[in-house]
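Here the structure is laid out as structure tokens; the discussion comes afterwards.
The values are calculated or read from the model by the stated rules, or taken from the named source; none is laboratory data. Remember, predicted model here, so these are calculated numbers, not experimental data. Cβ placement follows ideal geometry from the backbone for every residue including glycine, while neighbour counts extend to all protein chains displayed. Surface areas here come from the heavy atoms of the whole protein model, side chains and all, with no ligands, DNA or RNA. Shrake-Rupley method; radii C 1.70, N 1.55, O 1.52, S 1.80 Å.
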Amino acid sequence: MSATAFIAREIFTGSEIQTGRAVLVKEGKVVAITEASAIPAGYRKQELAGYLLAPAFLDLQIYGGNGKLFSAEMTTESLDAVYEYCLQGGCTQFMITLATNSIEKFIRGLEVAREYRNGGGKGLLGVHLEGPYINPVKKGAHIEKFIKKPTPEEIKLLLQKGKDLFRMMTLAPEQCDPACIELLLQNGIIVSAGHSNATYEEAIDGFYQGIPAATHLFNAMSPLQGRQPGVVGAIYDNNDVRCSIVCDGVHVDFASIRISKKIMQDRLFFITDAVAEVSYGEYVHVFKGDRFTLPDGTLSGSALTMLQAVRNGVEKAGIPLPEALRMAALYPATVIGRQNQWGVIQPGARADFILLDEELNLLRVIVDGEG
């Protein structure tokens, strides 16, 4: 790869906006940020016409895109389609997600994900299994017949088959023996509390055990009430747990996002929760203009891109642009322990960038310093 100096009007590093600077990139990684007037010899200069160069986004929960739902069509071509959908919203890294299903289906999904990665597929961080160890009371759009309680033997099977691809699991802590949660945590799985009807005490116990995250705040979880704080109250009250939110104004009202942001600050991050319209397979999603539903009308997924989530955060929830950008990049990278690799523009980080105009339209996506 050639050495390139990307010169932008403004550069958002993940912590601050700098002007009159250039990002030096070599072999797909950031070497330095320097004055635009002091670019070393040997770097090919690229003058970027847009307003802002920023770190590309990461999506930790996406099921499909560009007409392909991974659970309905488990092929590497489906993952290619999801990656292309991600790029359209400024996202270069994604966690393909499978909703509650049979263990056999999960294992097949892990196998296809491995085929995709081994074949040179781009952007795949791993597989997020949302279920099946959830609470049927908070199943949402999930299929109840597949919901179950975990056993150590079944978790060991998923770990064995998943190896380095099984990265994240959403579960209801009140449905799981603490030993099963501990088994996941000890094997490096990012456990996220979700689709849960836990009491405040049950949720707090799960967080104290080491559960570091929670899934789509407010959706499919026990609410915050005066006498029953529920999962939402436990998330607010714990200073370490991080939680995703679907910023589309459908899954969650924008006022609730604004209030939650004030409480949680850097612990709240964006996901798309995006699906694709399909009329076959276990999950049939119907497109309704700004959302997807099951045929019976149950909300089943968003039509968001990560960039639209950022725009909504800024324009509808009143979140300052630098913070909204962090919610789509640095904060999800922090959840997976990659905050020095993605979500920042600093020496040693991956050279995955987006270029935006003043209206936050996407002008360009740069992956590994190319594009």
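Worth a mention:
- Count of segment 306-320 residues which are open to solvent by less than 40 Å² (accessible area, probe 1.4 Å) and within 14 Å of the chain's Cα centre (by Cα): 4
- Across segment 262-305, the qualifying residues are those that are acidic (Asp, Glu) and within 22 Å of PHE146 (Cβ to Cβ), and the one among them that is surrounded by the most Cβ atoms within 10 Å (Cβ to Cβ) is ASP273.
- Unmet requirement for ILE134, which otherwise passes all of (1) open to solvent by 10 Å² or more (accessible area, probe 1.4 Å); (2) under 20 Å from ASP273 (Cα atoms): (1)
- If only residues of segment 137-146 that are closer than 12 Å to HIS216 by Cβ and either in a loop (DSSP other than H, G, I, E, B) or free of Cβ contacts under 8 Å to residues at least 60 places away in the same chain (or both) are counted, the one that is most open to solvent (accessible area, probe 1.4 Å) is GLY140.
- Scanning segment 147-162 for residues that are without any contact (Cβ under 8 Å) to a residue 24 or more places away in the chain and assigned to a loop (DSSP other than H, G, I, E, B) yields one hit, LYS148.
- Segment 103-121: number of residues that are open to solvent by less than 30 Å² (accessible area, probe 1.4 Å) and more than 27 Å from LEU304 (Cβ to Cβ): 2
- Qualifying residue in segment 237-258 (condition: over 24 Å from LEU330 (Cα atoms) and without any contact (Cβ under 8 Å) to a residue 24 or more places away in the chain): no
- Inspection of segment 48-70 finds a residue satisfying the criterion of being of a type outside the set (Lys, Arg), in contact (Cβ under 8 Å) with a residue 60 or more places away in the chain, surrounded by fewer than 24 Cβ atoms within 10 Å (Cβ to Cβ) and part of a strand (DSSP E or B).
- Test: residue in segment 165-182 that is under 27 Å from GLN341 (Cα atoms), open to solvent by less than 10 Å² (accessible area, probe 1.4 Å) and in contact with a Phe, Trp or Tyr (Cβ under 8 Å, 6 or more places away or on another chain): yes
- Taken together, the residues in segment 1-55 that are of a type in the set (Gly, Ala, Ser) and closer than 14 Å to ASP352 by Cβ amount to 3.
- Residues of segment 183-200 that turn out to be open to solvent by 50 Å² or more (accessible area, probe 1.4 Å), of a type in the set (Val, Ile, Thr) and within 21 Å of the chain's Cα centre (by Cα), as a count: 0
- Complete set of residues in segment 94-128 that are in contact with a Cys (Cβ under 8 Å, 6 or more places away or on another chain) and either assigned to a strand (DSSP E or B) or more than 20 Å from ASP59 (Cβ to Cβ) (or both): PHE94
- Note on segment 1-47: residues that are assigned to a strand (DSSP E or B), of a type in the set (Phe, Trp, Tyr) and either farther than 12 Å from GLU370 by Cα or open to solvent by 30 Å² or more (accessible area, probe 1.4 Å) (or both) total 1.
- As a summary of the residue check, GLU323 satisfies the conditions (1) closer than 18 Å to ILE259 by Cα; (2) surrounded by 20 or more Cβ atoms within 10 Å (Cβ to Cβ) except for the one numbered (2).
- Helices (runs of 4 or more DSSP H) enclosed by segment 240-350 - at least 2 residues per element that are closer than 20 Å to LEU69 by Cβ: 306-315
- Scanning segment 63-79 turns up no residue that is at pLDDT below 95 and of a type in the set (A, V, I, L, M).
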